[in-house]
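Engineer: Sharing a structure, written as structure tokens. Questions coming.
The values are calculated or read from the model by the stated rules, or taken from the named source; none is laboratory data. From a predicted model like this one, the values you see are computed outputs, not experimental measurements. For neighbour counting, all protein chains shown are included, and Cβ atoms are generated from backbone atoms with ideal geometry for every residue, glycine included.
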Amino acid sequence: MKILYITAGASGMYCGSCLRDNALGAELLAQGHQVTLLPLYTPTLTDETNVSQHRIFFGGISVYLQQHLPLFRSTPRWLDRVWDSPAVLKLAARRSIPVDPRLLGELTISMLKGEEGALHKEFSKLLDWLKSEPPPDIVDLQSSLFIALARPLREALRIPVCCTLQGEDRFLDGLLEPYRSQAMGLLRANLDSVDAFIAVCEFYADFMAGYLGIPRQRVQVVPLGINLRGYEPAARSRSGRFTIGYFSRVAPEKGLHVLCEAYRRLRGGEGFPQACLEAAGYLAPEHRAYLSEIEQRMKQWGLGEEFHYRGVLDRQEKVRFLQSLDVLSVPCGYAESKGMFVLEALAAGTPVVEPRRGAFPEMIQKTSGGILVEPDDPDSLAEALLSLAQNPARREQLARQGLEGVRRHYTVARMAEHALGVYDGVLNRALTGPRASAGR
């Protein structure tokens, strides 16, 4: 099968969607399918071999210039190539390309207006390039924020278009008014241009069906999958202390401060052994003050020597980090749609403690590799962590179950199998349905 994926770079940070899209593309390529993973805005960043195209469409610098300076909406394309080059975009991503939805309202509306918006030149560049390439059998837009591409792609390439849903509600809800209301209206106006919607878990399929007003039967589920290379069971390094870990973006919504508060309560109680709290993950410039506040608070509590931030980790460092933990917890303050850190921890043989919200109950139910606690509740979190600290046999049981559960339900091979099943169904309907008849 020839598959075109249109994904998005995340401005120089590891992003769960980028990791998921790249893993799926790499697995389908390994199975012999022809896959084009085409990034928009900036190059994608992944801790595995990156299979995305080097060419970037809707380059972050170009779209910014065209949005704010009308002159650049008609500049020649050869000039755009200067700032659309991967090298320039990588440099810009490290410095100034914003991803905060509060700053991107106008740009989001222009993207959702499609060929009628300020970015019409970018739509033309992408469509012209695709017409010059061997046509794919199917297109998968890796976010509903790209939904304005659906109709032009279907008309230009005469192929079905799918749209994957994987956490964009967080971005949409972060838009300021009137941009959020406008964006929701434009999204809903384009729903019929999509042949099938794909969600990354059952929770998100149900949620987004209501959120966007999509009939639930139009949303199919392709569960997340991870590449297990390097996650083979290994001798676990022990520090002699009960090690609690956090691995995700360091940002208030991810809940590191909640985990630190739970840790403080544990250290102030009885029956808790010697311990430490290890954190790692991407830290955006705007969240450095948040981390500094956490570090200062831990020092004030007399726990400064027990907390360490390890920074951004590459793949090997990530696996070693996860294998060194006794338990991982990322107590998100919102309904997480992916939570790949849970799967990665379980694959490394580390049990998890997560809030009972979003995708986490589904993951824990399928893998039996962790404990669910009340959301936003440091006492509930502390109680679960204490139970694991006091019961090594229970920890080992959860670790073993989680390791087996990920290998049963959340591999890249299973993700690819589910994706191909959706694509085959869409292609069959396209060949036999009303649209096929109308085209004859």
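Engineer: Among the residues of the range 276-318, write down those that are over 28 Å from residue 343 (Cα atoms) and either in the same structural domain as residue 46 (by TED's automatic domain parsing) or assigned to a helix (DSSP H, G or I) (or both).
Structural biologist: 289, 292, 293, 296, 297, 298, 299, 300, 304, 305 - these are the residues of the range 276-318 that are over 28 Å from residue 343 (Cα atoms) and either in the same structural domain as residue 46 (by TED's automatic domain parsing) or assigned to a helix (DSSP H, G or I) (or both).
Engineer: I would also like to ask the following. Restricting attention to the range 122-165, which residues are polar (S, T, N, Q) and either surrounded by 23 or more Cβ atoms within 10 Å (Cβ to Cβ) or not in a loop (DSSP other than H, G, I, E, B) (or both)?
Structural biologist: Correct list: 124, 132, 142, 144, 164.
Engineer: Among (1) without any contact (Cβ under 8 Å) to a residue 40 or more places away in the chain; (2) of a type in the set (A, V, I, L, M); (3) part of a helix (DSSP H, G or I), where does residue 416 come up short?
Structural biologist: The failed condition is (1).
Engineer: Take the range 357-409 and flag every residue that is crowded, with 23+ Cβ neighbours inside 10 Å, in contact with a Ser or Thr (Cβ under 8 Å, 6 or more places away or on another chain) and either assigned to a helix (DSSP H, G or I) or outside the structural domain of residue 340 (by TED's automatic domain parsing) (or both).
Structural biologist: Within the range 357-409, 381, 385, 398, 399, 402, 406 qualify.
Engineer: Take residue 274 and tell me if it is free of Cβ contacts under 8 Å to residues at least 12 places away in the same chain and either surrounded by 15 or more Cβ atoms within 10 Å (Cβ to Cβ) or of a type in the set (S, T, N, Q) (or both). Outline the logic, then answer.
Structural biologist: Values: free of Cβ contacts under 8 Å to residues at least 12 places away in the same chain: no; either surrounded by 15 or more Cβ atoms within 10 Å (Cβ to Cβ) or of a type in the set (S, T, N, Q) (or both): yes.
Here the answer is no, as residue 274 does not meet what is asked.
Engineer: Now for a separate question. Would you tally the residues in the range 24-35 being within 16 Å of residue 143 (Cα to Cα) and in contact (Cβ under 8 Å) with a residue 40 or more places away in the chain?
Structural biologist: Of the residues in the range 24-35, 1 are within 16 Å of residue 143 (Cα to Cα) and in contact (Cβ under 8 Å) with a residue 40 or more places away in the chain.
Engineer: Examine the range 100-108 for a residue that is modelled with pLDDT of 80 or more, over 20 Å from the mean Cα position of the chain (by Cα) and not small (Gly, Ala, Ser), and state whether such a residue exists.
Structural biologist: Yes: one or more hits.
Engineer: If you go through the range 9-34 one residue at a time, how many are of a type in the set (A, V, I, L, M, F, W, C) and surrounded by fewer than 22 Cβ atoms within 10 Å (Cβ to Cβ)?
Structural biologist: The qualifying residues number 4.
Engineer: What tally of residues in the range 181-197 results from selecting those that are among the charged types (D, E, K, R) and surrounded by fewer than 17 Cβ atoms within 10 Å (Cβ to Cβ)?
Structural biologist: From the range 181-197, those among the charged types (D, E, K, R) are 188, 192, 195; that's our starting set.
Checking the rest, the ones that are also surrounded by fewer than 17 Cβ atoms within 10 Å (Cβ to Cβ) come to 188, 192.
Going through the range 181-197 one residue at a time, the tally reaches 2.
Engineer: Out of curiosity, is residue 405 on the phi > 0 side of the Ramachandran plot and either among the basic types (Lys, Arg) or in contact (Cβ under 8 Å) with a residue 12 or more places away in the chain (or both)?
Structural biologist: no
Engineer: Hey, another quick one. How about the range 280-332: which of its residues are without any contact (Cβ under 8 Å) to a residue 60 or more places away in the chain, over 20 Å from residue 19 (Cα atoms) and aliphatic (A, V, I, L, M)?
Structural biologist: Answer for the range 280-332, where residues must be without any contact (Cβ under 8 Å) to a residue 60 or more places away in the chain, over 20 Å from residue 19 (Cα atoms) and aliphatic (A, V, I, L, M): 289, 291, 294, 298, 303.
Engineer: With respect to the numbered conditions (1) modelled with pLDDT of 80 or more; (2) within 17 Å of the chain's Cα centre (by Cα), which one is the sole condition not fulfilled by residue 55?
Structural biologist: The one condition residue 55 does not meet is (2).
Engineer: Residue 270 - would you say it is charged (D, E, K, R), part of a loop (DSSP other than H, G, I, E, B) and more than 28 Å from residue 385 (Cβ to Cβ)? Outline the logic, then answer.
Structural biologist: Values: charged (D, E, K, R): yes; part of a loop (DSSP other than H, G, I, E, B): yes; more than 28 Å from residue 385 (Cβ to Cβ): no.
Answer is no for this residue.
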